[in-house]
1. Within the set of pairs 6+ apart or on separate chains, which have a first residue in the stretch 495-513 that is β-branched (V, I, T), a second that is not in a helix (DSSP H, G or I), and C-beta atoms under 9 Å apart?
2. Run down A594, A611, A656 and say which single residue is under 26 Å from Q537 (Cβ atoms), assigned to a helix (DSSP H, G or I) and at pLDDT 90 or above.
3. In the list F342, F337, which residue meets the criterion of being modelled with pLDDT under 70, part of a helix (DSSP H, G or I) and touching a helix residue (DSSP H, G or I) at 6+ places or on another chain (Cβ under 6 Å)?
4. Farther than 24 Å from S626 by Cβ, hydroxyl-bearing (S, T, Y) and in a loop (DSSP other than H, G, I, E, B): does that describe S578?
5. Looking only at the stretch 797-822, count every residue that is of a type outside the set (S, T, Y), touching a residue at least 24 places away in the same chain (Cβ under 8 Å) and outside any loop (DSSP other than H, G, I, E, B) and tell me the total.
6. Quick one: which residue in T485, T495, T475, T532 is hydroxyl-bearing (S, T, Y), open to solvent by less than 10 Å² (accessible area, probe 1.4 Å) and touching a strand residue (DSSP E or B) at 6+ places or on another chain (Cβ under 7 Å)?
7. Scan the stretch 683-696 residue by residue and report those that are under 16 Å from V553 (Cα atoms) and open to solvent by 10 Å² or more (accessible area, probe 1.4 Å).
8. Look at the stretch 748-762 and say how many of its residues are modelled with pLDDT under 85, closer than 23 Å to D452 by Cβ and among the aliphatic types (A, V, I, L, M).
Amino acid sequence: MRLSNIAHLYLVRLKARVVLVQELFAVLGIAVGVALLFASQVASTSLDASVTQITNGVVGQSKYQLKARSPQGFSEALLGEVQRLPGVRVAVPVLETQASVTGPSGNQPIDLIAIDPRYVRLGGPLLRHFTAAQLANKRVLALPAPIANKLGVGPLEPVKLQIGARVERALVGVELTARSIGALVSSPVAIAPLAYVQKLMQMQGRITRIFVQTQSGHDSDVRAGLSRLAAGHINVEPADYEATLFSQAAEPIDQSTKTFAAICALVGFMFAYCSMLLTADTRRGLIRELRRGGATRPEVAQTLLFDALVLAAVASLVGLALGDLLSIVVFTSPPGFLSFAFPIGSQRIVTWESVLIAIGAGTLAACAGVLTPMRDVWVRTAHARHADAPGGRPTFNRRTMVMLAGGCACLGVTTIILLTAPQSAIVGIVALILALLLLLGPLLDLIVTSFDRLQRSLGSGATMLAVVELRSPKTRARSIAIAATAAVAVFGSVTIQGSHTNLQNGLDRSFHDISSVADLWVAPSGEQSLFTTIPFQSATATMLMRLPGVRSVGLYRGGFLEDGGRRVWVLAPPTTTSSPIPQGELLAGSLALATARLRAGGWAAISKTLATAHHLRIGQSFTLPSPRETMFRVAALTTNLGWPPGAIILNGKDYARAWENPEPSAYNVMLASGTSPAKVRSKIHAVLGPASGLTVETAAQREQSQRATSRQGLGSLTQIAVLVLVAGLLATATVMGATIWQRRRRFARMKVQGYEHRTLWWALIWESALLIGTGCLIGAALGIYGQLLLSHALVTVTGFPVILSANVLVAFASFVLVTMVAAICIAIPGYRAAGVAPYPWSDV
């Protein structure tokens with residue numbers, strides 16, 4: 001059969017209104033699946049790419065870098081020694097720090113990069129767009145246009161620049177546009193003259209990095225020379241090491257996102273496949289006509305595959321457009337908590353891989369759905385012949401037993417993964433979806449049989465018609481498609497939202513434990529201080545101690561440290577803190593003994609992920625690569641305290657000695673008994689004054705800020721969960737709309753036979769309620785199992801403080817929501833469809 005003949009046959013069939021409407025519903029169903037998969041793929045690939053772009057924009061052709069281990073940096077005199085090393089072509093000094101910029105319209109945290117104007121042309125693409133003249137001004141900043149717009153400033157307009165607790169005025173000298181720096185315009189960075197930032201930070205003659213370009217063939221010699229100059233006190237790393245560190249830091253959340261995105265993809269595929277099943281009856285009729293006309297099996301397959309490719313092509317275009325819109329509107333929250341240690345941009349990265357994966361899944365679903373009726377051509381079983389009798393009662397045959405056995409086997413696979421290898425959660429989720437599909441048919445038969453026995457006592461024509469329709473082999477594929485769509489929608493929503501809730505609850509507990517060590521927190525203002533990693537120079541501790549109601553003021557220290565390819569969070573609560581190790585975060589060890597050892601000094605509580613990476617056990621010694629390398633012993637194992645690479649808790653004095661810096665990153669203020677935190681907070685504000693650059697928060701306020709930041713960081717997981725549910729509702733509405741449209745002819749003929757409008761409408765409602773209810777029931781039940789599996793996977797893979805629980809309330813809410821939407825989609829259109837005028841259709 002020629003392709004032209006197949007295409008002509010397809011166009012002729014589309015002239016029939018019922019076929020055209022069915023194909024449009026199928027296109028919509030596939031498009032939803034493609035959009036769901038494409039949007040989740042874009043979300044999971046954009047994060048790493050944004051940091052890589054920023055890193056490349058600064059690094060340029062540099063091969064290595066010398067990087068300070070603390071914000072205090074190292075002597076700029078080292079630059080000359082680096083430049084004199086054999087094989088060094090260029091060495092570029094940089095001072096980098098976290099800062100915030102405030103304008104008339106708002107505030108923006110940034111990564112401030114200070115560079116000597118003489119070396120501008122030797123840096124990466126981000127730095128090459130400046131001239132020495134542009135950076136010659138001592139108080140000038142270069143800001144990307146989106147940041148300048150957010151702040152409400154333009155070129156040569158003033159802004160407030162805050163570094164730590166120090167605030168000064170600066171001018172916006174250059175506004176960077178997308179035309180000049182491309183995608184880097186979405187990066188939260190600012191460029192400033194080196195001398196200006198050194199003076200502002202009181203770091204004259206000090207820098208934090210030296211980027212090194214090597215001569216060809218001298219890489220190993222240069223690295224050896226840099227290591228000799230570093231002398232074990234400065235890190236020698238590849239120039240693009242920042243992207244490597246971020247990739248490791250983002251790996252747990254990235255794996256979580258990819259796991260959720262994979263579930264999203266499976267849900268999308270099932271939506272598309274179920275939508276295609278709605279056209280199964282029409283294509284069975286086409287197959288019969290082709291076979292009667294003498295078409296061979298390969299020719300029938302070619303005709304159906306042509307249908308599938310046309311549907312896949314149209315649906316993929318619609319789905320990609322919809323998915324692109326979803327990725328812009330829905331996936332908009334950056335991982336706020338990672339931005340405290342890395343310059344994360346808001347770039348949306350769309351790769352060809354994401355496009356091809358989405359199109360491939362849509363095509364596969366279309367082919368699988370279109371070719372499903374082909375089994376009637378190759379096989380004709382006794383069960384199929386028995387099913388030809390309309391309204392026949394299903395029997396407990398071999399096929400049912402096989403489906404039940406297969407479903408139980410899939411549940412067994414999931415259980416084994418849950419108990420032995422939760423990191424392989426994707427395999428377990430696939431097994432759960434297969435179990436759902438295998439058990440759905442037998443469960444539907446059981447519910448219909450039970451309903452049939454119950455409805456006989458009611459004597460209702462509507463319930464009898466519903467049972468007959470559900471047992472008809474001609475509508476079996478359609479019934480399974482409706483139930484499966486609802487089941488997958490509820491399953492995906494319950495699995496993702498439930499495990500996400502467990503993760504969020506665990507993080508909330510962690511933030512509460514960390515924040516509650518003090519009654520009031522005094523720290524540099526701005527979001528960057530939420531992790532208390534920004535040291536500041538201040539002599540207000542004594543002043544605070546004199547205030548009425550203040551019992552004590554402790555020095556809280558903290559920072560980030562690179563250790564074994566990880567950017568670790570180091571916390572050092574004051575020695576007076578009652579619980580330096582949060583009790584809810586302890587995984588191994590005695591809390592009382594670990595606390596005593598921590599206070600004595602020389603001991604550290606470390607995250608279990610770090611202990612595993614370094615093969616450490618409680619009591620063993622390890623060397624911390626701090627500015628002054630110091631040896632500690634492991635006092636206890638904890639969660640990662642919400643920081644993916646891991647955390648280390650030290651004694652405050654040990655931290656000051658290891659970092660060779662006594663500056664605090666926060667004041668922990670403890671109040672006398674019966675003192676109002678709000679009143680003392682107001683007094684501290686008055687003492688500090690508006691120009692101090694410090695802010696005062698109660699423990700509850702700080703906890704709330706950290707919770708908000710973590711929710712922003714886990715925004716993509718929330719968005720995926722919402723997206724799955726919205727797509728499920730849309731797919732359910734699509735399926736129900738297609739079902740109602742397909743029933744109009746049957747209703748017209750039944751009207752001729754004397755059935756009333758009200759009877760047909762209630763029959764449709766009862767039938768749909770049984771289908772949707774069955775699907776939602778099994779979806780909710782297996783979704784609870786899925787959320788437990790994913791929660792265990794998050795604990796194993798990410799080290800996050802996850803609270804393991806079965807969120808039945810989430811399952812119930814999804815069940816109710818999908819059921820209500822389905823009821824609305826059925827009731828109103830169904831009433832109109834049942835009101836069709838009587839007509840003796842023969843082709844039904």
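1. As it stands, the answer is T501/I803; T501/S805; T501/N807, since those pairs meet every condition given.
2. A656
3. Details: F342 fails: part of a helix (DSSP H, G or I).
Every option except F337 fails the conditions.
4. Details: farther than 24 Å from S626 by Cβ: yes; hydroxyl-bearing (S, T, Y): yes; in a loop (DSSP other than H, G, I, E, B): yes.
Spelling it out, S578 is indeed farther than 24 Å from S626 by Cβ, hydroxyl-bearing (S, T, Y) and in a loop (DSSP other than H, G, I, E, B).
5. Number satisfying all stated conditions: 10.
6. The match here is T532.
7. Passing the criteria: K683, H685, V687, L688, L694, T695.
8. Residues that pass the stated criteria total 1.
The values are calculated or read from the model by the stated rules, or taken from the named source; none is laboratory data. Predicted, not measured: the structure shown is a model, and the values here were computed from it. Neighbour counts run over all protein chains shown; Cβ positions are idealised from the backbone, glycine included. Surface areas here come from the heavy atoms of the whole protein model, side chains and all, with no ligands, DNA or RNA. Shrake-Rupley method; radii C 1.70, N 1.55, O 1.52, S 1.80 Å.
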